[in-house]
Amino acid sequence: MRVLVTGGAGYIGSVVAAQLVAAGHEVTVLDDLSTGHADAVPAGVTFVKGTLRDCAAEVLADGIDGVLHFAARSLVGESVAEPAKYWSANLGGSVALLEAMREIGVRTIVFSSTAAVYGEPERTPIAETDPTRPTNPYGASKLAVDVTLAEFARLYGFGATSLRYFNVAGAHRAGDGAWSGERHNPETHLIPAVLAAAAAGQPVQVFGADYPTRDGTCIRDYIHVTDLADAHLRALAAGRPGQHRVYNLGDGTGFSVRQVVDVCSEVTGIAIGTDVAPRRPGDPAVLVASSERIQAELGWHASRDLRDMVADAWEFARARAAR
């Protein structure tokens, strides 16, 4: 199968592209490198530098059979400060891609959505049937793409899948030994931020230690990036014309901030201090997704635990530091 990976120079997209190559697919990566890294694009793929609006039609016309769509802006705080940028990039760019797919006749797409579409949930674990009430432009723009995909499936026979997940962590090591992992600037994700603090001998800031949870800190869902890639490959193979499927990806229980810090300390062998700060406005105590639907329909489940995520992320960080 010939597959286009938009945003394939980013963290998740590059890992999925590597997994596609390993599975025997012909892969083209389209990325404007605004947040991605050219050296993250795995060996064995065709790389095209450009935007969805400018290059999608040309790339799709080169015999593409299916699309994995990761290209997006993804910083919640930035989306609140600059909402127009998020609507333009996330919804506008996606519509441009879908229109190009419709015109050329490519009908299979897997979209990297987010559990941020649910906002503050009424219950956890969150199911796909729960209300969608995003609390920021990032989540709202992603939900708008989900709705658009449903319409393209209904009107034009697209086989579309939206995968909704919370925090992706860990790193992936390809068969050639090359690591792919997180390197955001700024780094807003907890595990790489804790590991960076450990390496620098600095404490980690914990926002709120008085939540109604087992240790007083927020609980969040984490998925290993390799498990996430597996879900995307399964969804790609399972796409059916005229259907829009939505799947949550989660472990069903979640991990607290203190658990993450403790496991990071165990893996690195470094004592990691914490500075407790006030709660951040709008931070729910628990955000955990149910993955029962994708387990039942596609046979997917998370096979790597928190320690695996931290250990792989630490190996990636050490490999980069050794360069």
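Yes/no per residue for (1) crowded, with 17+ Cβ neighbours inside 10 Å; (2) of a type in the set (A, V, I, L, M); (3) in a strand (DSSP E or B):
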site: Leu20; (1), (2), (3): yes, yes, no
site: Thr28; (1), (2), (3): yes, no, yes
site: Pro42; (1), (2), (3): yes, no, no
site: Asp54; (1), (2), (3): no, no, no
site: Gly63; (1), (2), (3): no, no, no
site: Lys85; (1), (2), (3): no, no, no
site: Ser94; (1), (2), (3): yes, no, no
site: Ala100; (1), (2), (3): yes, yes, no
site: Phe111; (1), (2), (3): yes, no, yes
- request: Could you list, in sequence order, all residues of the range 154-170 that are under 14 Å from the mean Cα position of the chain (by Cα), in a loop (DSSP other than H, G, I, E, B) and modelled with pLDDT of 95 or more?
  value: Gly170
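Here's the yes/no breakdown for (1) among the hydroxyl-bearing types (Ser, Thr, Tyr); (2) in a loop (DSSP other than H, G, I, E, B); (3) surrounded by fewer than 23 Cβ atoms within 10 Å (Cβ to Cβ); (4) within 15 Å of the chain's Cα centre (by Cα):
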site: Pro121; (1), (2), (3), (4): no, yes, yes, no
site: Pro134; (1), (2), (3), (4): no, yes, yes, no
site: Ala144; (1), (2), (3), (4): no, no, yes, no
site: Leu149; (1), (2), (3), (4): no, no, no, no
site: Gly175; (1), (2), (3), (4): no, yes, yes, no
site: Glu182; (1), (2), (3), (4): no, yes, yes, yes
site: Asn185; (1), (2), (3), (4): no, yes, yes, no
site: Ala196; (1), (2), (3), (4): no, no, yes, no
task: Among residues belonging to the range 151-168 that are of a type outside the set (Phe, Trp, Tyr) and within 23 Å of Tyr86 (Cα to Cα), point out the one that is most open to solvent (accessible area, probe 1.4 Å).
output: Glu151
message: Being charged (D, E, K, R) and within 25 Å of Lys85 (Cα to Cα) is the filter here; which residues of the range 25-58 pass it?
response: Asp31, Asp32, Lys49, Arg53, Asp54, Glu58
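Whether any residue in the range 86-102 is without any contact (Cβ under 8 Å) to a residue 60 or more places away in the chain, closer than 30 Å to Phe255 by Cα and out of contact with any helix residue (DSSP H, G or I) (no Cβ under 8 Å at 6 or more places or on another chain) is what I want to check. Walk me through how you get there before you give the answer.
At the first step, the residues of the range 86-102 found to be without any contact (Cβ under 8 Å) to a residue 60 or more places away in the chain are 86-96, 99-102.
Restricting the remaining residues to those that are closer than 30 Å to Phe255 by Cα gives 86, 90.
Next cut, out of contact with any helix residue (DSSP H, G or I) (no Cβ under 8 Å at 6 or more places or on another chain) only: none.
Within the range 86-102, not a single residue is without any contact (Cβ under 8 Å) to a residue 60 or more places away in the chain, closer than 30 Å to Phe255 by Cα and out of contact with any helix residue (DSSP H, G or I) (no Cβ under 8 Å at 6 or more places or on another chain).
Please indicate, with yes or no, whether at least one residue in the range 75-82 is modelled with pLDDT of 95 or more and either open to solvent by less than 60 Å² (accessible area, probe 1.4 Å) or outside any helix (DSSP H, G or I) (or both). Reasoning before the result, please.
At the first step, the residues of the range 75-82 found to be modelled with pLDDT of 95 or more are 82.
Retained after the next criterion (residues that are either open to solvent by less than 60 Å² (accessible area, probe 1.4 Å) or outside any helix (DSSP H, G or I) (or both)): 82.
Scanning the range 75-82, I find at least one residue that is modelled with pLDDT of 95 or more and either open to solvent by less than 60 Å² (accessible area, probe 1.4 Å) or outside any helix (DSSP H, G or I) (or both), so the answer is yes.
Which residue, of Gly252, Gly242, is assigned to a loop (DSSP other than H, G, I, E, B), on the phi > 0 side of the Ramachandran plot and modelled with pLDDT of 95 or more?
Working: Gly252 fails: modelled with pLDDT of 95 or more.
Selected residue: Gly242, the only one of Gly252, Gly242 that is assigned to a loop (DSSP other than H, G, I, E, B), on the phi > 0 side of the Ramachandran plot and modelled with pLDDT of 95 or more.
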- prompt: Among all residue pairs at least 6 apart or on different chains, which show Cβ distances below 6 Å where the first residue, located in the range 123-149, is more than 21 Å from Leu98 (Cβ to Cβ) and the second is in a helix (DSSP H, G or I) and of a type in the set (Val, Ile, Thr)?
  reply: Asn136/Val76; Asn136/Val80
task: Within the range 262-295, work out how many residues are under 14 Å from Ala169 (Cβ atoms) and crowded, with 22+ Cβ neighbours inside 10 Å.
output: 1
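Would you check if Val117 is open to solvent by less than 30 Å² (accessible area, probe 1.4 Å), farther than 15 Å from Ala56 by Cβ and in a helix (DSSP H, G or I)?
Numbers: open to solvent by less than 30 Å² (accessible area, probe 1.4 Å): yes; farther than 15 Å from Ala56 by Cβ: yes; in a helix (DSSP H, G or I): yes.
Considered against the rule, which asks whether it is open to solvent by less than 30 Å² (accessible area, probe 1.4 Å), farther than 15 Å from Ala56 by Cβ and in a helix (DSSP H, G or I), Val117 comes out as yes.
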message: What pairs come out if I take residues in the range 8-30 that are touching a residue at least 40 places away in the same chain (Cβ under 8 Å) and pair them with residues that are open to solvent by less than 50 Å² (accessible area, probe 1.4 Å) and among the hydroxyl-bearing types (Ser, Thr, Tyr) whose C-beta lies under 7 Å away, six or more apart or interchain?
response: Gly8/Ser14; Ile12/Ser112; Ser14/Ser180; Val15/Ser180; Val15/Thr226; Ala18/Ser180; Leu30/Thr6
message: Among the residues in the range 301-321, are any under 17 Å from the mean Cα position of the chain (by Cα), open to solvent by 80 Å² or more (accessible area, probe 1.4 Å) and not acidic (Asp, Glu)?
response: yes
query: within 22 Å of the chain's Cα centre (by Cα) and either over 25 Å from Pro241 (Cβ atoms) or among the hydrophobic types (A, V, I, L, M, F, W, C) (or both): does that describe Thr28?
result: no
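Between Ala237, Ala271, Ala209, which is assigned to a loop (DSSP other than H, G, I, E, B) and free of Cβ contacts under 8 Å to residues at least 12 places away in the same chain? Spell out the reasoning first.
Working: Ala237 fails: assigned to a loop (DSSP other than H, G, I, E, B); Ala209 fails: free of Cβ contacts under 8 Å to residues at least 12 places away in the same chain.
Going through Ala237, Ala271, Ala209 in turn, the sole match is Ala271.
The values are calculated or read from the model by the stated rules, or taken from the named source; none is laboratory data. Computed from a prediction, not measured in an experiment: that's the story for all the values here. Don't worry about glycine lacking a Cβ; one is built from the backbone with ideal geometry, like all the others, and counts go over all protein chains shown. For accessibility, only protein heavy atoms count, side chains too; no ligands or nucleic acids. Shrake-Rupley method; radii C 1.70, N 1.55, O 1.52, S 1.80 Å.
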